[in-house]
Structures are given as structure tokens and as C-alpha cells.
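S.K.: One structure, as C-alpha cells, below. Some questions next.
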Amino acid sequence: MDADRSTIWPYDANGEPGDFFYARYAHPTGAAAEAKLGALDGGDALLYASGMGAETTTILAFAQPGTKIALAQGAYFGTSVLLHDLARWGVTFVEYDQTGPPPADADIVWVESPANPLLTVPDWDALRAHPGLVVCDATVSTPVYLKALDEGADVVVYSATKFLTGSHNALLGATVTRDPVKTAALRELRTHAGIVASAQSSASLIDGLDSLEERMRAITVSATELAQRLEAHPAVTTVRYPGFSGLISFDVADPRIVETKTQTILNATSLGGVRSTMESRHRWEGDRIPVGLLRLSVGLEPVDELWADLEQALAPT
Ligand code: PLP
């Protein structure tokens, strides 16, 4: 869709601002995209300049010096990097195994379902029993496979750069909340800090959400098939696949050789696009993850074409 790229809208005849007056506060394309995403999750969505913008706003809105955050082990690498940075402001974090209960003394529990790239899922019973603020990064599930607010999350975070927009053409983040006080806190911090989404990226979200369900179902069918074939392949040692969505991580002896041999599958970072991507994550994450781990984000190419590409890349040289 076309985006209204204005940054200002005139006041009314009485000199009063309407819903839109300056784009850092709100803009029509952003508001329309937020309404559409919020309806999918059953809450109030807010958009940000990136997934990390959504994460930063969430932490700054709800943490203060002394706040302890329990972060799911093996969750998106950038979240742990951000939390390391914020240690200077007195926000501390520990990593924990999200398949079990979080540390009892955590003020904020940050889970990711499923975690990128280790693909574990959180224990929602344990999270519901925890008194802290529960934040769930549902980037890989999308609302098609997880309604995190219904499970008990207080804040859902998305990198909408991935499946929600789906075309590797928009950098965008989102939060979804149900409690008006929390939504207002996020909105205020977003406006004050200026961590706002562009009109163009918001328009990409509106377009992406039109096909989200269809894309996610088709991607899941292909990814399920590829995970099974990878399991049976002699060059592959471990395959992680949660049974839904498009992310598979699997281990091989030399991931650099495999990733540089694929042709249909782009050797690129990121995930969630209709074009499949694959990369060795060790280059970014170091020893936090297995040295041989390849992260494959399955797109919408025919599954046999993707398998043929993987097979030739996995063949001995
Ligand atoms: N959360 C997850 C699960 C991610 O995979 C990413 C990026 O890879 C982010 C958050 C950060 O999103 P962005 O790159 O849009 O800032």
C-alpha cells in the first residue's frame, strides 16, 4: 500500500492537534498497521524503528537501576548484547534454561518462543506462576503459532523485520500489550526517545500481514519436510526444529563450506523472508552456540528445489 510520508498534519480550526500532528508521536500508516497487528494478538500494538528498538524501549520503560532480568539461554544474540550494554545503567541479567522455572528473584523474565537459534520453547506454567514482568519475543512463532498474551506474557516483542513483513525489505519492531498502563508507558518512552517506525516500513507490515497466515502455513509444511530429510542425512549430526514456522538449526562438520555452496538458499543473515536464507551463526555468536550450527530460514521456494540445494551443499567435496 502507499504510505503517507508527511511528518506534520495541521491543527484543527480551533488550533487543536488531532490524532496526527507530528510523526514522532503517531502517523496514519503506523496507526493502521498497529491496529492490524494488535487485532491478531488481541492487544495494543506499537511499532518501532527495528526489533531492537522494540526491545530497548521495553527495557527502558520497565527497568531501573537494580532491575534483574532473567533471559532465556540461546535466545537472540542481540538481546544479550543489549543487556550487556545496559549493565552500565545498573540493569543486570542472568541467562536461564527457559524450559524450566525462571530464577525466583528476577524482576523481568525475558523468554523467546522459539529461541533463535536453539529453538527451545518456554515453560508457560512456570512463567504464569512467576511474579515478575514476562516479556516474550515471538518473532519466530508470529501470532499464527503463538498468542503469547493469552499464554500469560505481559509484553510481546517482535522483530517485524522477519516473518511479519516477510520480504527482507523493511526494518521494523513491535510490541503488543493488553494493560493500558503498560501500553502508555511504552508509547511515551517511544515518543520521547524517538524510536519510531517509518511510514514505509509500516506499509510493508500492512502488506505482509495480508499473507502472513498463508505464508506461515506453507513455510511450515516445507520446513517440516526439510527437517525430516536433514535428520536422515549422514553429514548432519543434530537437527533442531520445533514443528512449526520456518527456522531449522542443524549441525555439520564445517558450516562455512556448506553455507557458501548453496545457490537457491541465500548465504545471508536474517530470517523470515519468502526467500530462504542460511548462515553459520558461529561468526556472530561465538561459543554461545555449537561451532557447526547452521541456521536455515525456510522460505517459499519449492521444497524439492530447497532439498536439492541442501543435498549438493552437504555432499563431500
Ligand atoms: N528478536 C529476534 C528473535 C531476532 O531474530 C532479531 C533479529 O535477528 C531481533 C529480535 C532484532 O530485530 P531487528 O534486527 O529487527 O532489530
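S.K.: In degrees, nearest 10, range 0 to 90: what is the angle between the Cα axis of helix 51-62 and the longest Cα principal axis of the chain?
M.R.: Between the helix axis and the principal axis of the chain, the angle is about 50 degrees.
S.K.: Karplus couplings for the range 176-190 from phi (6.51 cos²θ - 1.76 cosθ + 1.60, θ = phi - 60°), rounded to Hz, Gly and Pro as x?
M.R.: 9, 9, 10, 7, x, 5, 5, 4, 5, 5, 5, 4, 5, 5, 4
S.K.: Among H192, H130, H168, which one shows the highest mean-square fluctuation when the chain is modelled as a Gaussian network with alpha-carbon springs under 10 Å?
M.R.: Of the options given, H192 has the highest mean-square fluctuation.
S.K.: Could you name the lysines whose alpha carbon sits less than 23 Å from that of K68, not counting residues in the same chain fewer than 8 places away?
M.R.: Result set, ordered by chain and number: K182.
S.K.: Tell me whether the range 28-210 comes out rounded, prolate or oblate; compute the Cα gyration tensor, take square roots of the eigenvalues as a ≥ b ≥ c, and use a/c under 1.5 as the rounded threshold.
M.R.: prolate
S.K.: Let me ask something else about it. If each of T224 and V291 carries a label point 7 Å out from its Cα toward its Cβ, how far apart are those two points in nm?
M.R.: 3.6 nm
S.K.: Another question, if that's okay. Using a Gaussian network model of the chain whose springs link C-alpha atoms within less than 10 Å, name the residue from G243, G53, G272 with the highest mean-square fluctuation.
M.R.: Result for the chain, Cα springs under 10 Å: G243 fluctuates most.
S.K.: Can you show me the helix-derived [θ] at 222 nm for the chain, built from DSSP H runs with n ≥ 4 at -39,500 (n - 2.57) apiece and divided by the number of residues, rounded to the nearest 500.
M.R.: Helix-only estimate at 222 nm: -11000 deg cm²/dmol.
S.K.: Positive end of the charge dipole of the range 28-210 (Lys, Arg +1 and Asp, Glu -1 on Cβ, about the Cα centre): tell me which of A106, L186, L71 has its Cα farthest that way.
M.R.: L186
S.K.: Work out from phi, with θ = phi - 60° and the Karplus expression 6.51 cos²θ - 1.76 cosθ + 1.60, the ³J(HN,Hα) of each residue of the range 27-35, listed in order in whole Hz, and give x for Gly and Pro.
M.R.: 9, x, 5, x, 4, 5, 5, 5, 4
S.K.: Could you work out how far helix 199-210 tilts from the main Cα principal axis of the chain, as a 0 to 90 degree angle to the nearest 10?
M.R.: Once rounded, the angle reads 60 degrees.
S.K.: Could you give me the ³J(HN,Hα) list for the range 296-302, computed from phi with Karplus coefficients 6.51, -1.76, 1.60 and θ = phi - 60°, whole Hz, x at Gly and Pro?
M.R.: Listing the rounded values in order: 10, 9, 7, x, 9, 5, x Hz.
S.K.: Continuing with this model, one more query. Looking only at the range 116-268, where both bridge partners belong to it, what percent of the DSSP beta bridges are antiparallel (to the nearest 5)?
M.R.: 70 percent
S.K.: Cut-off 10 angstrom, C-alpha nodes, Gaussian network model of the chain. Which of L60, L37, L293 fluctuates the most?
M.R.: Result for the chain, Cα springs under 10 Å: L60 fluctuates most.
S.K.: Give the percent of DSSP beta bridges with both residues in the chain that are antiparallel, rounded to the nearest 5.
M.R.: In the chain, DSSP labels about 55 percent of beta bridges as antiparallel.
S.K.: For the chain, what log10 I(q)/I(0) values come out of the Debye formula at q = 0.09, 0.13, 0.15, 0.16 1/Å, with one point per alpha carbon and no solvent?
M.R.: The Debye formula, applied to the Cα set alone, gives -0.47, -0.93, -1.19, -1.31.
S.K.: Please work out, to two decimal places, the log10 of the ratio I(q)/I(0) at q = 0.21 Å⁻¹ from a Debye calculation in which every Cα of the range 27-135 carries one identical scatterer.
M.R.: Taken in order of the listed q values, log10 I(q)/I(0) reads -1.19.
Values in this text are rule-based calculations from the coordinates and carry no lab data. Computed from a predicted structure; not experimentally measured. When we count neighbours, we look across all protein chains shown, and the Cβ atoms used for this are built from the backbone with ideal geometry, even at glycine.
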